[in-house]
Each structure stands twice: as C-alpha cells, then as structure tokens.
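I have placed the structure first, in the form of structure tokens, so that the comments after it can refer back to it.
The values are calculated or read from the model by the stated rules, or taken from the named source; none is laboratory data. Since the model is a prediction, treat every value here as computed from it, not as a measurement. So basically every Cβ, Gly included, is an ideal-geometry build from the backbone, and we count neighbours across all protein chains shown. These accessible areas exclude ligands, DNA and RNA; they are computed on the full protein's heavy atoms, side chains included. Shrake-Rupley method; radii C 1.70, N 1.55, O 1.52, S 1.80 Å.
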Amino acid sequence: MTDLNQVLPDRKIRIRKTGVWPGVFFYLGGLMILAVAGFIGVWQAPGVVNDWLVASDPVAVPDATITDGECRARRVVFVECSAHITYEIEGKSLEHDIELMFVDFNTGDYEVDVVRSASQPNRAALSLGLDMLWNRTLVDSALVLAIAAGGIALFAGGIKSDRSRRLARRESKLDLREVKVAQISPVLGGKYVQFQYGVDRKGRPLLAMSRFGGKEEPYWIDGQRGMALAALPEGASVPVLLDAELKRLDASPPEIATIAVRLKRMMAGA
C-alpha cells in the first residue's frame, strides 16, 4: 500500500473525538493500587522490624503460651501465619498478636517457639519468624515495590493519555498509519478496542485502547477486523484510532467524502 497520508487534504486537521480514556481513570486506579501497596507495607513492616530487633539479642521463652496458631498457603508458595502469644516478665503478663508472610514450598506443619529480646523484653517473636526473617524481608519488599510500580505506571499512563488527548484536539499535520487490533471488548453502550501501535526497546508490544459507541466501528483496512486506520498528531506518541465514517476527523463533509474515496481506491490497488 502506498503512503496513507496522500489521502489527506494539504492542511492541518484536528481530531474531534479521540476515544482515549481521560487521565482521571488512570489516576484513580493508580491511587487504589498505591493504597494496596501501602496497606501491605503497614501490615507487614512493623512485624519485620520488630523481629530484626529481637534477632539481635534473642532469648528463648520456654513457658510462653501460643494460641490460635495457624498457617495458610496461598497460591502454593505464599504462606501466611498468625498466632497469639502470652508470656510473663517479672510477674507481668505480656501478649502479642503475630502475623507473618513468607514464601515456602513446605507442605507440612511448622514447629515454633516464642523468642523475646534480652534488652527489650516487651518485644517478642516466633522462632519461625526469625528463621524466615530474610525471606520475609525480601518478599514483603518485593511485593510492595512491585505493586507500587504498577500504581506509578498507571499515573504515567494517565499523563500520557491526557497529553495524547490534548495534542489530538489541536490542529496539526496528521500521520496516518495501520495498526493491529489486538482485542475488542463489548461494554455497556459500546466497545473498547485495544490496538498495537509499535514495540518498545525490549520488543514488547505497545498497546492503547479506544472507546467506540454501540454502532461505531474502527476503519478496517483489511476488511477482516485485523488492521485498522489510526492517525498520529504532531508531537504525540500514541495514535488515535479512526472510525469507519471518519467522523473523528474535524474536516468538512466534502473533505471526508474525498478522503474516503481515496482510501478505498488505495486499498483496492494494494
């Protein structure tokens, strides 16, 4: 197929409707994911810090009582354990609720003892928690960082989305190109069309999504709902998927008709 841009009039064109998600949806999603990362950090970090302090000068507490002790395996290797411990120091009763999370392939039971800090008797831990201390530290840190990275990525996506919408709505020279449609997802009142517009430095596909109304369709280039027509505004990095009637282009009816005829001729001669 020859250069698609030959079908456009020799002037700058604005895109009326981008179909791109407003950045606010990305920002809200990012906040929710960051909140999950924060929750996990607040949930696990105090216990890990406490156990590092206990591990610096541990003393066994043989007369301690462990109640409600339970370990549950999630997704085979993620283990969550909880227990309530009670022990006495100089006639004073101390109680702690302990929760642990680590990675382990063990399928049997765990034998645990209570250990306290010699210098800070009010700090106590389970021997299992000390045995898995590096495991817990690495797992908790990796989990929090991975989830937080997802939230940050959504914020970056929101900034990218808002920039694309802003650039599309100003008049500029458009660069028409073919994009590969990866998926069509029906939703109430329309559909979301996911398409690939390139690859990153590691060879992974760059994907974007555009919303269409109930009766709207992308402009199919191959006639088989595989390749569609998109327009990249000047300065933008993500193209806008065009509709079958080219109504997303801010052009006059005669110009739209001329573009449509030129496209059909071009595709017929491909």
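Restricting segment 97-110 to residues that are closer than 15 Å to residue 44 by Cα and out of contact with any Ser or Thr (no Cβ under 8 Å at 6 or more places or on another chain), the residue that is most open to solvent (accessible area, probe 1.4 Å) is 103.
The residues in segment 111-141 that are aliphatic (A, V, I, L, M) and farther than 16 Å from residue 100 by Cβ can be counted, and the count is 1. Among residues of segment 200-219 being over 20 Å from residue 163 (Cβ atoms) and touching a strand residue (DSSP E or B) at 6+ places or on another chain (Cβ under 6 Å), the one that is most open to solvent (accessible area, probe 1.4 Å) is 205. In segment 69-80 there is no residue matching the filter, namely being farther than 30 Å from residue 191 by Cα, in the same structural domain as residue 128 (by the TED database), out of contact with any Pro (no Cβ under 6 Å at 6 or more places or on another chain) and in a helix (DSSP H, G or I).
Quick grid of which residues meet (1) on the phi < 0 side of the Ramachandran plot; (2) open to solvent by 60 Å² or more (accessible area, probe 1.4 Å):
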| position | (1), (2) |
| --- | --- |
| 76 | no, yes |
| 79 | yes, no |
| 112 | yes, no |
| 165 | yes, no |
| 171 | yes, yes |
| 174 | yes, no |
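Residues of segment 192-241 that are in a strand (DSSP E or B) and either outside the structural domain of residue 264 (by the TED database) or more than 21 Å from the chain's Cα centre (by Cα) (or both): 212, 213, 218, 220, 227, 228, 229, 230, 231, 232, 240, 241.
Table: residues versus (1) assigned to a helix (DSSP H, G or I); (2) among the aliphatic types (A, V, I, L, M); (3) free of Cβ contacts under 8 Å to residues at least 60 places away in the same chain.
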site	(1), (2), (3)
134	yes, no, yes
140	yes, no, no
143	yes, yes, no
147	yes, yes, no
151	yes, no, no
160	yes, no, no
165	yes, no, no
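Among the conditions (1) among the hydrophobic types (A, V, I, L, M, F, W, C); (2) under 19 Å from residue 248 (Cβ atoms); (3) open to solvent by less than 30 Å² (accessible area, probe 1.4 Å), residue 139 misses just one, which is (2).
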